[in-house]
Structures are given as C-alpha cells and as structure tokens.
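*Asks:* Structure incoming, see below.
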Amino acid sequence: MATKTTKTSTASNKPVTLLTEEDLLKMGEKDYMNEAQLAFFKARLQQLEKDLLKNADETTEHLRETVLVPDPADRATIEEEHALELRTRDRERKLLKKVQQSIGLIDSGEYGWCEETGEPIGVARLLARPTANLSLEAQQRRELKQKLYGD
C-alpha cells in the first residue's frame, strides 16, 4: 500500500488523503491517533469487514451447492472440506465482531488506547493487528495470567 488515496470525509465533505503504512510509522508521538491515522485504520477495518462478509457469502453459496456423490470416500472428503470451511468461517465471524467493535471505537474516539491501562497501543501493533484493544505489555500480562490460572 505505497500510494495515497483520497476519500471524501462524510463529516466535513472535504477530501481526506489516506496515509501509507510508511507515513504512519514516521509520525511522532504527538500525532498519535490524529484524524489522518484514524481515517487510515477505519478504511483498513472497513475493507477487512467487507472481505469477511464476502467470504461468508461465498461459503453460504458453496454449501448450498448440493453434490450427490455415490462413493462414500468422496462424500466423506466433501463433508470434511465443508466442516473445515465452516470452522474457518466461525473464526472469521468472531473476527468480524472485533472489527465492528474497533470501528465503533474509532467513531467514539477511543481507538488506539489500551482498555486496561489507558496507554497508547502503538501504531506498529495496530498495523499488525488492527483489532487490538490492549497494549503489548497488557496483552502479555493477560496471556501469562491465563497460562498460570486458566480462563
């Protein structure tokens, strides 16, 4: 994503230039979660949401295609493929929920801040995982607790 794209902001009806990942990483701490960064992450999350919904629609269509196969081995293979596809879509359904929550956080002005500590999550972490809601340190603490004490 090396090129900048222009979108019209619905709030102000003025064109907003979306930043590149390189631009984001070059920005200083004082620019953290400014309007341009929020627009970048919102566009990225909306594209992810669109892709997840498209995959769900394709799965629905694929599962509707009923193929009658007389050979039990072939039928078992098809059923196993369907089960794998459904497990993948279930994971994507959970991700879709997180994506929609993240878009809501952008709209409310809370995106990019750790829900546990209130500290910045960090641009690099959000580029890697745009649905992150904990800073790296808070996530590591949570995972350590889960490992030690279970859920």
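*Asks:* So Pro120 passes all but one of these: (1) closer than 29 Å to Arg142 by Cα; (2) modelled with pLDDT under 90. Which condition number does it fail?
*Replies:* (2)
*Asks:* If you go through segment 128-150, how many residues are among the small types (Gly, Ala, Ser), part of a helix (DSSP H, G or I) and closer than 24 Å to Thr20 by Cβ?
*Replies:* Looking only at that region, the number is 1.
*Asks:* When you check Glu49 against the structure, is it surrounded by 13 or more Cβ atoms within 10 Å (Cβ to Cβ) and of a type in the set (D, E, K, R), yes or no?
*Replies:* yes
*Asks:* Taking the conditions exactly as written (under 24 Å from Arg129 (Cα atoms) and of a type in the set (Val, Ile, Thr)), does Thr66 satisfy them or not?
*Replies:* Here the answer is no, as Thr66 does not meet what is asked.
*Asks:* Select from segment 36-79 the residues that are modelled with pLDDT under 95 and basic (Lys, Arg) and list them in ascending order.
*Replies:* Hits for segment 36-79 are Lys54, Arg64, Arg75.
*Asks:* Give segment 95-123 a look and list any residue that's touching a helix residue (DSSP H, G or I) at 6+ places or on another chain (Cβ under 7 Å) and touching a residue at least 40 places away in the same chain (Cβ under 8 Å), or say none.
*Replies:* Passing the criteria: Leu95, Leu96, Val99, Gln100, Ser102, Ile103, Ile106, Tyr111, Gly112, Val123.
*Asks:* Please enumerate the residues belonging to segment 102-127 that are of a type in the set (A, V, I, L, M, F, W, C) and assigned to a helix (DSSP H, G or I).
*Replies:* Hits for segment 102-127 are Ile103, Leu105, Ile106, Val123, Ala124, Leu126, Leu127.
*Asks:* Determine the pairs where a residue that is free of Cβ contacts under 8 Å to residues at least 24 places away in the same chain, located within segment 33-56, has a partner that is in a helix (DSSP H, G or I) and aliphatic (A, V, I, L, M) with Cβ atoms under 8 Å apart, the partner being 6 or more residues away or on another chain.
*Replies:* Between residues of segment 33-56 that are free of Cβ contacts under 8 Å to residues at least 24 places away in the same chain and residues that are in a helix (DSSP H, G or I) and aliphatic (A, V, I, L, M), the close pairs are Phe40/Leu24.
The values are calculated or read from the model by the stated rules, or taken from the named source; none is laboratory data. For clarity, every value in this text was computed on a predicted model and none was experimentally measured. Note: ideal-geometry Cβ built from the backbone for every residue, glycine included; neighbour counts use all protein chains shown.
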